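Single-structure report; data block below.
The values are calculated or read from the model by the stated rules, or taken from the named source; none is laboratory data. Every value quoted in this text rests on a predicted model; they were computed, and no experiment measured them. Don't worry about glycine lacking a Cβ; one is built from the backbone with ideal geometry, like all the others, and counts go over all protein chains shown.
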Ligand SMILES: [Zn+2]
């Protein structure tokens with residue numbers, strides 16, 4: 001399977017497959033999969049009318065998808081419908097699974113998602129990864145991947161690919177971490193360090209978080225900025241339902257947008273970057289607190305108890321976010337800004353100053369700011385779902401490998 005995140009192509013079916021009879025067949029297989037996935041269970045006749053092909057043509061495609069284990073027949077439709085009863089089709093709950101993984105500064109997590117979008121297996125390990133070499137980190141991640149894959153296989157699923165979210169810049173080859181400052185990794189090819197049995201895609205965690213929001217969020221628009229924070233602050237730009245990558249794949253580094261040019265030095269080499277005011281550690285420092293495992297929980301707990309220092313630190317972080325986002329909003333005119341990751345847990349105290357700063361400084365009407373409902377698991381889910389989207393986009397390629 002091609003790298004779904006980095007190769008430029010339209011979302012959904014109809015991406016550039018060869019314009020031959022084989023290419024047409026593959027495109028039509030994708031259209032059937034996308035239709036049943038979005039609207040199923042559906043009869044063959046309903047699929048045919050949705051995609052504008054004859055019932056006979058759809059039946060041939062459906063038979064192929066059933067043989068490949070990608071679609072299932074649920075049995076006869078309920079009586080009372082006009083015409084000959086057909087069997088309802090659904091995407092298979094025993095077919096391919098997407099394995100998603102996340103390397104965090106203080107955790108590793110892996111999950112398996114089936115074609116229906118259900119999480120069927122997961123594993124999480126809390127482990128301090130800061131400045132830890134890639135080899136031992138990925139050895140530990142590989143253990144978790146094997147464990148989750150085995151659990152998924154035990155449920156009759158077969159892993160179709162692996163997607164890994166990392167807190168750093170990833171090259172357009174979708175394998176090489178160019179720089180992950182909080183892990184201390186430079187130019188590291190993860191392809192050599194992860195199980196070779198799965199097609200691999202590596203991407204920045206903010207990009208996977210934004211895709212999760214696009215695919216799984218409630219009423220997510222097609223044009224939005226997704227901002228998430230842990231130690232660092234990442235953003236992803238979604239334009240017309242597609243990620244904006246930039247020339248090298250590094251678009252979205254909101255955390256290194258300068259907020260106050262003479263501010264504190266940042267690991268990137270600049271000064272006064274947003275991360276120095278609104279990253280988890282910066283907020284803890286400003287509030288006079290030490291970290292610990294659950295930094296967001298600590299900050300939220302203190303803010304709830306009306307701790308004046310914490311409230312002031314969060315208010316200032318919201319102001320810094322508002323200033324940095326003003327530039328992005330004025331430049332890109334998104335429909336909304338979505339706060340995800342750790343920011344979603346701190347939103348009640350960040351939002352007032354963030355919103356007023358944004359409203360004061362943007363040219364047009366204030367851009368709405370909403371909070372992700374996916375919580376901190378967004379990037380992990382986005383990673384696993386990106387594999388599933390790859391299956392829907394080109395089911396023939398997956399069936400050939402099955
Ligand atoms: Zn910086």
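If you go through the range 137-175 one residue at a time, how many are touching a helix residue (DSSP H, G or I) at 6+ places or on another chain (Cβ under 7 Å) and within 26 Å of residue 256 (Cβ to Cβ)?
So the answer is 7.
Of the residues making up the range 110-159, those that are surrounded by fewer than 18 Cβ atoms within 10 Å (Cβ to Cβ), in a loop (DSSP other than H, G, I, E, B) and on the phi < 0 side of the Ramachandran plot are 116, 118, 127, 128, 130, 132, 133, 155. Among all residue pairs at least 6 apart or on different chains, which show Cβ distances below 7 Å where the first residue, located in the range 261-290, is free of Cβ contacts under 8 Å to residues at least 12 places away in the same chain and the second is near the ligand (Cβ under 10 Å from one of its atoms) and part of a loop (DSSP other than H, G, I, E, B)? Partner pairs satisfying both residue conditions: 261/272; 262/272. So, residue 225, is that one within 16 Å of residue 382 (Cα to Cα) and not in a strand (DSSP E or B) or not? Judged against the criteria, residue 225 is not a match. Set side by side, the residues 275, 280, 357 differ, and just one is within 27 Å of the chain's Cα centre (by Cα), within 18 Å of residue 235 (Cβ to Cβ) and at pLDDT 90 or above, which is 275. Looking at 348, 352, 395, 368, just one residue is farther than 25 Å from residue 102 by Cβ, touching a strand residue (DSSP E or B) at 6+ places or on another chain (Cβ under 6 Å) and in contact (Cβ under 8 Å) with a residue 24 or more places away in the chain, and that residue is 368.
Looking at the structure I just gave you, is residue 212 within 12 Å of the ligand (Cβ to nearest atom) and not in a strand (DSSP E or B)? For residue 212, the condition - within 12 Å of the ligand (Cβ to nearest atom) and not in a strand (DSSP E or B) - is not met. The lone criterion from (1) assigned by TED's automatic domain parsing to the domain that holds residue 280; (2) over 17 Å from the mean Cα position of the chain (by Cα); (3) farther than 19 Å from residue 282 by Cα left unmet by residue 348 is number (3). Checking the structure you have, find out if any residue of the range 190-206 is within 16 Å of the ligand (Cβ to nearest atom), in contact with a strand residue (DSSP E or B) (Cβ under 7 Å, 6 or more places away or on another chain) and either in a helix (DSSP H, G or I) or within 24 Å of residue 160 (Cα to Cα) (or both). Yes; the residues of the range 190-206 include at least one that is within 16 Å of the ligand (Cβ to nearest atom), in contact with a strand residue (DSSP E or B) (Cβ under 7 Å, 6 or more places away or on another chain) and either in a helix (DSSP H, G or I) or within 24 Å of residue 160 (Cα to Cα) (or both). Exactly one residue out of 336, 344 is away from the ligand (no atom under 16 Å from the Cβ) and surrounded by 20 or more Cβ atoms within 10 Å (Cβ to Cβ): that is 344.
Yes/no per residue for (1) modelled with pLDDT under 90; (2) in the same structural domain as residue 176 (by TED's automatic domain parsing); (3) within 21 Å of residue 354 (Cβ to Cβ):
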| site | (1), (2), (3) |
| --- | --- |
| 232 | yes, no, yes |
| 240 | no, no, no |
| 244 | no, no, no |
| 250 | yes, no, no |
| 264 | no, no, yes |
| 268 | yes, no, no |
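Among all residues of the range 231-240, there is at least one that is closer than 18 Å to residue 367 by Cβ and surrounded by fewer than 21 Cβ atoms within 10 Å (Cβ to Cβ). Of the numbered criteria (1) in contact (Cβ under 8 Å) with a residue 60 or more places away in the chain; (2) within 15 Å of the ligand (Cβ to nearest atom); (3) not in a strand (DSSP E or B), the one residue 235 fails is (3).
Scanning the range 246-285 for residues that are away from the ligand (no atom under 14 Å from the Cβ) and in a helix (DSSP H, G or I) gives 280, 283, 284, 285.
Scanning the range 93-109 for residues that are free of Cβ contacts under 8 Å to residues at least 24 places away in the same chain and either surrounded by 24 or more Cβ atoms within 10 Å (Cβ to Cβ) or assigned to a loop (DSSP other than H, G, I, E, B) (or both) gives no hits.
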